[in-house]
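> Please read through the structure below; I'll follow up with questions.
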Amino acid sequence: MSRAGRGRRAAARTRNLYFQGKKRLTATLWPGTVNCLRARQCNDFTPPPLLTLLMQPGPIRLAVIDSDSGFVRVLVKRMEGMSWHFQTFSAPVPTEQLVAMRLNALVVDPALLGPGAEEFIEGIAGEVPGLGVIVCSTRSTVAQRVRALRLGADDWVSKPCHPEEVVARIESVVRRRRRAVSRPDSGRMLAGELEVHPDQYQAVVAGRSLNLTRRQFELIQLLVEAHGQVLQREEIYQRVWGYAMAHGDRSVDVFVRKLRQALEAHSPRWEYIHTHFGIGYRLEPRLKAEHVQSPEPAPGRPPEAREQQVPVAVPPPLDLMTST
Amino acid sequence: MSLFRRARPDDRLLELLENAGANVHRASTMLREMLADFPERSDLAREILLCEQEGDRIAHDIIHRLNQRGVHVAFDSRDLYALVSALDDIVDYAEQTADSLGLYAIEAPMEQAEALAGVLEAAAAAVHAALVALRQRQALNGDLIQIHQLENDGDRLSRDAIASLFVSGVDPMMVIRWKDIFESLEQGIDSCETVAHVLEGIALKEGSG
């Protein structure tokens, strides 16, 4: 069998695995998905930061959640003509699944989602900060439209509408998103798997927002900006809360605990915040010991020596990059 | 100091007093746990509120029992009323503290509040032990002395805690919030001492009679 034939078979196998038990999905799959799924089967696969991926120029990655088959059909024709990577759904889709797809934009009909539509829009807009959400609905009130836009939707199109208008609105939303993220003064900072976007008040790990409160975000931003230096509790309190810290106040400890919980949930392989007892805290991303690969033993060495060899965990330097 | 040289009082009454002591102890233990793991254990405020309601029910039952004909009280009714009121106050102050944490949108505890809650719990445990001893006709001296000592500790801690708020540059909102909370914790500890005073009075009267 030719190399191309083997590749096609492998892709089909992966596709079958992906769609097993998910008959409600229409089988329009973008080429990147297969590669992504294959890569996920490898143990050492680390997904690239989502925002970085999404903001790269290239074909738009889109999902359409709508049960109106006629509308979807004409929209699909247009999108095929523009070589977009898209997927359509005729039933509600879990947020996690959409996050994993690394979309630029999402077109959704709230009628399909039922009473949980607003919660869904708020959830997906919060989870993926770079995602453009376009709501496309038949009947709606002003209050519904205003609420959806305030909850995180970027645009609202009322049906019946021309597919060309929908396509133009998707392009417009994605264009604005890309421009916003690629602004020269965005000041994005990286630490391990963590991305901090001060302009958006977002801390993101592997494309998923940590959903921090304003104060939690200010604290993590301060720690990241300290470039691995130890910050005293009093100094942290002064700079985040804006007042002198009263003796015995445990606010800093409680907020650091909450940050650690959020980081642990989103980036379990890394250790970020280190405690300096009686002094304060330091943020320095470090792979946890169980995830650090021990070096191969040198050939010819006696087994005792090999047993005594302690795997050296070399902490990567704080990867602090500020886009200019 | 041994009690009940005269006739033995109504056992149901003593049992209700013991229940009130256990309730006081339970509420103060939950308050300490809530402050130690705040804000994660904020849900304990609801449990403390239930304790407060249980305390009200027990106080009502005791007063109702005092008013019943044919019940041999043996103690001075005014002493018993003062005892019941003080026991009720302890749980009320514990509940007020727990409620204030939510009401004032407290983000994190203060070490001094945890220390005061620890003193309140220890004093409440001594109150409970004294009421068990009262029912079992045993001496109360040890528990009452412990309550007085704990109250002194509470006073000192409370004064230091309030002083720590009035350092230059501290958020005025924080001063307002925590001053109230420190004061309600101290009032809870003071109510434990009131219980000790009333029990001393009862023991004195029984001894001299």
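> Six or more apart or on different chains, Cβ under 8 Å: which pairs go from a residue in the range B:175-188 that's under 21 Å from B:ALA86 (Cβ atoms) to one that's assigned to a helix (DSSP H, G or I) and among the charged types (D, E, K, R)? Could you list them?
B:GLU186/B:ASP155; B:GLN187/B:ASP89; B:GLY188/B:ASP89
> Then there's this: Out of all the residues in the range B:159-179, which are closer than 13 Å to B:LEU116 by Cα and either touching a Ser or Thr at 6+ places or on another chain (Cβ under 7 Å) or at the interface with chain A (Cβ under 8 Å from one of its Cβ atoms) (or both)?
Matches in the range B:159-179: B:ALA161, B:TRP178.
> Right, something else. What are the residues in the range A:235-251 that are buried (at least 16 other Cβ atoms within 10 Å of the Cβ) and under 29 Å from the mean Cα position of the chain (by Cα), if any?
Within the range A:235-251, A:ILE236, A:VAL240, A:TRP241, A:SER251 qualify.
Results for (1) over 24 Å from the mean Cα position of the chain (by Cα); (2) at pLDDT below 85; (3) in a loop (DSSP other than H, G, I, E, B), shown as yes or no for each residue.
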{"site": "A:THR52", "(1), (2), (3)": "no, yes, no"}
{"site": "A:VAL64", "(1), (2), (3)": "no, no, no"}
{"site": "A:MET79", "(1), (2), (3)": "yes, no, no"}
{"site": "A:GLN87", "(1), (2), (3)": "no, no, no"}
{"site": "A:GLY123", "(1), (2), (3)": "no, no, no"}
{"site": "A:PRO129", "(1), (2), (3)": "no, yes, yes"}
{"site": "A:ARG150", "(1), (2), (3)": "no, no, no"}
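> Given the options A:VAL254, A:VAL224, name the one that is out of contact with any Pro (no Cβ under 9 Å at 6 or more places or on another chain), closer than 30 Å to A:THR95 by Cα and either modelled with pLDDT under 95 or surrounded by 16 or more Cβ atoms within 10 Å (Cβ to Cβ) (or both).
Answer to the check: A:VAL224.
> Just to be sure before I move on: is B:GLN146 surrounded by 18 or more Cβ atoms within 10 Å (Cβ to Cβ), in a helix (DSSP H, G or I) and within 13 Å of chain A (Cβ to nearest Cβ) in the structure I sent?
no
> Among the helices (runs of 4 or more DSSP H) lying completely within the range A:171-266, list those that include at least 1 residues that are away from chain B (no Cβ under 14 Å), in contact (Cβ under 8 Å) with a residue 12 or more places away in the chain and of a type outside the set (Ser, Thr, Tyr).
A:214-225, A:251-266
> Take the residues of the range B:180-199 that are of a type in the set (Asp, Glu) and under 20 Å from B:GLU114 (Cβ atoms): which is surrounded by the most Cβ atoms within 10 Å (Cβ to Cβ)?
B:GLU186
The values are calculated or read from the model by the stated rules, or taken from the named source; none is laboratory data. Nothing here was measured: the structure is a model prediction, and the numbers come from that model. Cβ: placed from backbone, ideal geometry, glycine included. Neighbour counts: every protein chain shown.
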